[in-house]
1. Let me spell it out: the conditions are (1) surrounded by 19 or more Cβ atoms within 10 Å (Cβ to Cβ); (2) at pLDDT 90 or above, and Leu561 meets all of them except one. Which number is the exception?
2. Could you grab me the full set of residues in the range 441-487 that are at pLDDT 85 or above, among the small types (Gly, Ala, Ser) and under 45 Å from the mean Cα position of the chain (by Cα)?
3. So, in the range 75-103, of the ones that are touching a Ser or Thr at 6+ places or on another chain (Cβ under 9 Å) and at pLDDT 75 or above, which residue ends up nearest to Tyr542 (Cα to Cα)?
4. Of the residues Thr187, Thr133, which is of a type outside the set (D, E, K, R) and under 30 Å from Ile527 (Cα atoms)?
5. With the checklist (1) at pLDDT 90 or above; (2) of a type in the set (S, T, N, Q); (3) surrounded by 22 or more Cβ atoms within 10 Å (Cβ to Cβ) in hand, flag the one item Thr432 doesn't pass.
6. When the range 321-348 is examined, which residues are found to be of a type in the set (Ser, Thr, Tyr) and at pLDDT 75 or above?
7. Out of the residues in the range 48-64 that are among the polar types (S, T, N, Q) and crowded, with 18+ Cβ neighbours inside 10 Å, which is nearest to Ser108 (Cα to Cα)?
Amino acid sequence: MDPRPSSSPRSPDATSGTKPLHRPGHTLSVCPVRLSGMQWLPTFTRLQYMILFGHFALQLTAWTLFGLIWSKQIIAIPLPDFFHDVQSWYKPLTFCITTISSGFALFSTLLFSLAVRQWISCQLRTERGLRLTTFLRSMHFASHSIIPDRGQHGLWMAASIIVIIIIALQPAGWNTLLTPQLFDLDTKISSKEIDLTNPRLDLYLHNGSLDACVLDNSVLVGLAIGETESGFSAAKGAQNVPSSLSIANFIFNTSTAGILPLSFQDIPTNSAFDNATVIPHSISGPGIGIPRSLSVVQQGFTADVSCKFQTLTDTTTPSLTITAISPNETSAPTQYNINSNCPMPAPLGNTTRASTYALAENDSGYLLMIACATGASYTLIFIGGGDQYAYLNSTVCTFTPKITNVRVDYHYLPSASSNTTGNLPARIDTTTLPGGIPDSVGGPAGVSAVATVYEMIRFAQGEEMNVVGDQLIGVLEGVDGEGFVGDGAGVLTAMEEYLRGVAEYSGTLLRACLSSHKTSGIFADGIPKEMTTSATGELRTYFFGWALSSSTVWILIPGALIAFASIVLVLSSAAADLRLRPEDSGLFDPVDAFDLMRASAAGGLVGVVDSEDGNSRSLMKRGGVLHDVRVVLEMISGRGLILREVGHSDLDSGEGLNGT
């Protein structure tokens, strides 16, 4: 006897007096039933509301954040306190973000699975039921598994694989959207600074208007210390020894190269010249918590220096006269005087820098210098005497100033406070580019450099030592500390690099002073535009945050597709409710193996599956022709919920089992 129920029309009282079957803990809602007279209104169960609003909340969150990032291009997070120690916090952060992303993706996948199960349940409760093949394939979609190709075309298998891939891409999309990254952003910048090649500066220099900046800066106590340090740093840097030059709050790598640091804001440079203790703060920080590097090509200043040992007397050209005045008391220092008849440019004075003196104890030694102007260059004559500095003997250096172009790299680090020091660049690297414009003898930059070297030697001399001489010895001792290397070539090279560093430092001081509004009132209203030159470069900003581009729009597509499919299934389920039979009720989860086996057995669907060839098929053989069967879920008194085949008489359209 065929255990399946008859395919004849069901009796209206077939389900009278029965109650829906319910298993404890089973929470899947049934399809909604509309009230009489309101058949046109869509009605949703609580579960369907959860599916709709769950997907809506996820998509609203995702697209709102995406739109915010897209509109702003960049959203940065200032992290000044622990930015440097990235390794200690970035991995835990990505773990937390990945966990949250996986949770969002899992919730979206669960809603999709519930939507598919709702759709299956509702379709089974309609008059026409659901094709068994569609039923089985839909269960694969609900359980996120691959639909096997049972001897048929692989379209459904491919579709199931695509769905699995889309579901698998959701965590990656959420993770890409939510995880902040370390980015760098390049921005073109331009600026203006004083042009040392402008001919108007020569006019100001010769009428005495620039004396405060060109001649007097070098004697300020607060700046003289930097003069010797700049030479020592440059000489050590030439030996590939790490060295830095600290000027006020600026730290230059090896040398200033004659540049004045640029700023993002106008900051007065007057403070340095009120009490002569510090050079001006000419730069402001680009912001707290966001490190940056700024690469700019600026106008700089340097000098080509070539030194040689040369014996000079009162009859040579240039001439040199050395006299020693012994003290009346044995404990008093000896006064050493040197003079020369070499010519000097007018701004330096005819005799001021052509003679000098020093007081030194007899055995301690001294280092003296005078300056001359010959042709297109300056001649600097150094005399070293005594026990300590005899290695310099009589050294003559050709000193040719020139205006250069310098590549300047500013390296900023985040600061936890807003103080001025914290916002200054952590390091300034300078690289002098090939070429340059020689500064004519008597020009402001060259005169300032010579005056700076001259005053540096005077300031460095004491009764028992000379700072410059001692620093040169420190350079000549070598990298490995193998002792004093006093050969001629080494001494001359060290002297050349030392003087170059001091010259570049003087260029920085000159620019700082000329940029001050207290330069005898010449630039009280700021430097005229016609006396400026352009500085161009690139600002690279390193930040921690979010940034999206057109290539990353795809990250939200997987979640959007899952949400769209779920919403369509829920709406289809609600529409199917219009055709529900009044006697259909009870709970049924098509993916639950217990529900499926019980309902199938009760409905007699065992014979529907033909497996004679070893391949289970959702087809039924009738008269040698394979027909797809429809199944319907209904309540039968004494059996509860059953899943049975729909007979020809059960179909309203009269299409039979081949209908759609």
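1. All conditions are met except number (1).
2. Selection gives Gly443, Ala445, Gly446, Ser448, Ala449, Ala451, Gly474.
3. Filtering the range 75-103 for residues that are touching a Ser or Thr at 6+ places or on another chain (Cβ under 9 Å) and at pLDDT 75 or above, the one nearest to Tyr542 (Cα to Cα) comes out as Ala76.
4. On the way: Thr133 fails: under 30 Å from Ile527 (Cα atoms).
Answer to the selection: Thr187.
5. Here Thr432 clears every test but (3).
6. Within the range 321-348, the subset of a type in the set (Ser, Thr, Tyr) is 321, 323, 326, 330-331, 334, 336, 340.
Across the range 321-348, the qualifying residues are Thr321, Thr323, Ser326, Thr334, Tyr336, Ser340.
7. Residues of the range 48-64 that are among the polar types (S, T, N, Q), as a first pass: 48, 59, 61, 64.
Remaining after also requiring crowded, with 18+ Cβ neighbours inside 10 Å: 48, 59.
Numbers: Gln48: 14, Gln59: 10 Å.
Filtering the range 48-64 for residues that are among the polar types (S, T, N, Q) and crowded, with 18+ Cβ neighbours inside 10 Å, the one nearest to Ser108 (Cα to Cα) comes out as Gln59.
Each row is one residue, and each column tells you yes or no for (1) modelled with pLDDT of 85 or more; (2) more than 30 Å from Arg292 (Cβ to Cβ); (3) of a type in the set (A, V, I, L, M, F, W, C).
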residue: Ile381; (1), (2), (3): yes, yes, yes
residue: Gly384; (1), (2), (3): yes, yes, no
residue: Leu392; (1), (2), (3): yes, yes, yes
residue: Lys402; (1), (2), (3): yes, yes, no
residue: Val408; (1), (2), (3): yes, no, yes
residue: Ile428; (1), (2), (3): yes, no, yes
residue: Pro438; (1), (2), (3): yes, yes, no
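The values are calculated or read from the model by the stated rules, or taken from the named source; none is laboratory data. From a predicted model like this one, the values you see are computed outputs, not experimental measurements. Backbone-built Cβ (ideal geometry, glycine too); neighbour counts: all protein chains shown.
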